Amino acid sequence: MFARVIVDAPLPQPLDYRLGDVDEARADLVGRVCVVPLGRRKLTGLIVATSDASALDDSAVRNVERVIDEVPPLPSAWLALTRFAADYYQHAWGELAIPALPPLLRAPPGPRFAASLKRQRAAYSEAPAGDPATAVELSADQRAACTAIDGARGFAPLLLFGVTGSGKTEVYFEAMAQRLAADAAAQVLLLVPEINLTPQLQARLQRRFPGDRLVTLHSGLAAGERNAAWLAAHEGRARIVLGTRLAVFASLPRLALIVVDEEHDPSFKAGDGARYSARDLAVKRAQEEAVPIVLGSATPSLESWARASDARYRLLELPARAADAGAQPSWPQLRTIDLRQHAVQQGLAEPVRQALVETLARGEQSLVFINRRGYAPVVSCEACGWLSGCPQCAVYAAFHKTDGTLRCHHCGWQARVPRACPECGNTDLHAVGHGTQRIEEALRALLPQARVARIDRDSTRRKAAAQTAFDAVHAGEVDVLVGTQMVAKGHDFRRMSLVVVLNCDAQLVAPDFRAPERLFATLLQVAGRAGRAGLASQVLVQTRYPEHPLLAAVARHDFAAFARQQLAERKSAGLPPFVHHALLTAEARTLAAALEFLGCARACLAAAPGLHLYDAVPMPLVKLAGVHRAQLLVESVQRARLQAWLRDWLAAVRALAQDTRPRVRWQIEVDPQQI
Ligand code: ADP
Ligand code: ZN
Ligand code: ZN
């Protein structure tokens, strides 16, 4: 008997090992973690099949060194999911599957393995106890959504479309409760874009399901916490798994329902390694395990929306905000503030300044959203035209006034801001444009008696700082909050009645075809921070393009119309979701070398019918951390054809890279989100 084993290495096929003194009659070998020799190393492997024959020469086959019987085998659906993901995203199966295991199982067990397993299991051994918080009484729309989810048998993708505050989370909870009640061993998986920014959700879950073991899985966990949570899920003790994108690979032997909250969020796409989309894999997983999946959003991804329009996904709608039932709609009014028409002082237009003053006078809170940290994005010398650039990247270095530095937000480079222009010696340097720090300063000057707080990555470097700041806002200890994207997510500020959006113009005119989709989602999300407790509230957007149709659609809260227009445009331009993309990127010491490599890669293999290879071009951020970057886009009308062709092509590209000197690093991204 032979075991076919995958390991964390770029190998095209599983490796064959002899079972040695392992009992061959055992039926439970597939899915077991094991230890195998490879060259002179010993590695963790996963047995993915057994067989009577090996294609290898008899003498070349080595023995499995140890089968780890202390942990139950990985379920077959889990193996199928990781295999699919590896094929689809063009990585070796083991390269994807082994890193998805917890740290405890990623390396061959040491002498303290048994003790450490015992300790990790103890963390979640007993079921918690407590009385469930009473569920809210659901609205008719919420009930209809729950009935649809509850009635789904087998694989059923459902798109739950409802604005922020429409009660989607209550629907998820109810649907989860129904599945957990129907089967005492059932497990549910709830995926969210970001856990650290939404501790409220965890608390709400705990209150609602006090008797069911809840574990969280995200990259911020220490190794021990990750082991304990993973094992609790794998061994069926955890009934609810709340996690970020990596949790899509949690082992859940009794999975009964998957929920993906904020399904449009770009952070479901992994930024490195296999660059998988956890949202897309969650749908695949639901299909594989024959369970329903609920994708929820106020602004669904156009991919999901298109599928709902074709009835491939069932659309469930929550058209009103939950607290509105019968009352006045509490959705904020959106107004554009034309920057060409109004006086602007310190980055704030006159009507915005007025609204901030009035909101403070009423004792209500304001949020100023600007998606740019630091004091100013660039420092300039007006005498000679010098601009503060990052020496390692093709971008400007931002000015941080708090510590007097210039910093590159892409590579982390930093230096003291020069006293005089490095080119001409002029000492009169200017900070150009606005970031969160400068707006904070402007707000303090405008509203000297207000309590102003700033939340961005700089203000929250210490682990608990973000939470402390959010708590202060919730407790009403902050009058004006200025922040980046970090403040847009999840939080439900009860006394917030004014939201100001600064500098969205760059995104209104950005060249990336996904920019409008992302901007629409961001605007609706920040707008959703206001007016939750029934306060009359408004959203002011400073812009030079007040007539832009996107802003008009946001003002009408008309996602459907926006999506229809965008999809029509994408269809006529031949863009996703009507075609499929893969992006090959190359990094080299010079741009010419990166382009040359891609040029050769392009010639490696003829395009299959229906496939189109674009010319190699520099990436928009052409130099990053001293490395020059170029990209080559592959387009196909058919997903399957693209996938098959990519496999052959990348084999040739790999060989090409091995022969290229000086070395070029390459990476493939399937379904890239940024081009
Ligand atoms: P979403 O997830 O769509 O943003 P939530 O489920 O968080 O919405 O609901 C927003 C707020 O409205 C929460 O405070 C929630 O408790 C409340 N809520 C939701 N559904 C109802 C309901 N049927 N009746 C009363 N309050 C509700
Ligand atoms: Zn100068
Ligand atoms: Zn840099």
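A compact table of results
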| quantity | calculated |
| --- | --- |
| Counted residues, the stretch 269-283 - those being touching a strand residue (DSSP E or B) at 6+ places or on another chain (Cβ under 6 Å) and part of a loop (DSSP other than H, G, I, E, B) | 1 |
| Counted residues, the stretch 158-180 - those being more than 9 Å from ligand 1 (Cβ to nearest atom) and either assigned to a helix (DSSP H, G or I) or open to solvent by 20 Å² or more (accessible area, probe 1.4 Å) (or both) | 8 |
| Every residue from the stretch 228-247 that is open to solvent by 10 Å² or more (accessible area, probe 1.4 Å) and in a loop (DSSP other than H, G, I, E, B) | E235, G236, R237, R239, T244 |
| Residues being out of contact with any helix residue (DSSP H, G or I) (no Cβ under 6 Å at 6 or more places or on another chain), under 21 Å from A203 (Cα atoms), assigned to a loop (DSSP other than H, G, I, E, B) and at pLDDT 80 or above - total across the stretch 458-492 | 3 |
| Tally of residues being in a helix (DSSP H, G or I) and either away from ligand 1 (no atom under 16 Å from the Cβ) or open to solvent by less than 40 Å² (accessible area, probe 1.4 Å) (or both) across the stretch 204-227 | 7 |
| Some residue of the stretch 419-436 being surrounded by fewer than 16 Cβ atoms within 10 Å (Cβ to Cβ) and within 16 Å of ligand 3 (Cβ to nearest atom) | no |
| Residue in the stretch 505-519 that is part of a helix (DSSP H, G or I), at negative phi, within 16 Å of ligand 1 (Cβ to nearest atom) and at pLDDT below 95 present | no |
| Yes/no for R661 being over 26 Å from T299 (Cα atoms), without any contact (Cβ under 8 Å) to a residue 60 or more places away in the chain and surrounded by 15 or more Cβ atoms within 10 Å (Cβ to Cβ) | no |
| Candidates V344, V357, V379 - the one that is modelled with pLDDT of 95 or more, out of contact with any Asp or Glu (no Cβ under 6 Å at 6 or more places or on another chain) and within 16 Å of ligand 2 (Cβ to nearest atom) | V379 |
| Matching entry among D150, D87 (being closer than 30 Å to G273 by Cα and either among the acidic types (D, E) or in contact with a His (Cβ under 8 Å, 6 or more places away or on another chain) (or both)) | D87 |
| In the stretch 284-319, the residues that are touching a strand residue (DSSP E or B) at 6+ places or on another chain (Cβ under 8 Å), open to solvent by less than 30 Å² (accessible area, probe 1.4 Å) and part of a loop (DSSP other than H, G, I, E, B) | V291, A298, P300, Y313 |
| Filtered residue count, the stretch 636-653, keeping only those that are in contact (Cβ under 8 Å) with a residue 60 or more places away in the chain and surrounded by 14 or more Cβ atoms within 10 Å (Cβ to Cβ) | 5 |
| Index of the failed condition, G599 passing every other in (1) in contact with a Pro (Cβ under 9 Å, 6 or more places away or on another chain); (2) open to solvent by less than 60 Å² (accessible area, probe 1.4 Å); (3) farther than 27 Å from R518 by Cβ | (1) |
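This table checks each residue for (1) farther than 23 Å from F84 by Cα; (2) open to solvent by less than 60 Å² (accessible area, probe 1.4 Å); (3) without any contact (Cβ under 8 Å) to a residue 12 or more places away in the chain.
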position: A594; (1), (2), (3): yes, yes, no
position: A603; (1), (2), (3): yes, no, yes
position: V622; (1), (2), (3): yes, yes, no
position: A630; (1), (2), (3): yes, yes, no
position: V670; (1), (2), (3): no, yes, no
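The values are calculated or read from the model by the stated rules, or taken from the named source; none is laboratory data. Bear in mind that the values here come from a model prediction, so they are computed numbers and not experimental data. Here Cβ is always computed from backbone atoms with ideal geometry, including for glycine, and neighbour counts include all displayed protein chains. We work out accessible area using only protein heavy atoms, side chains counted, and drop any ligands, DNA or RNA first. Shrake-Rupley method; radii C 1.70, N 1.55, O 1.52, S 1.80 Å.
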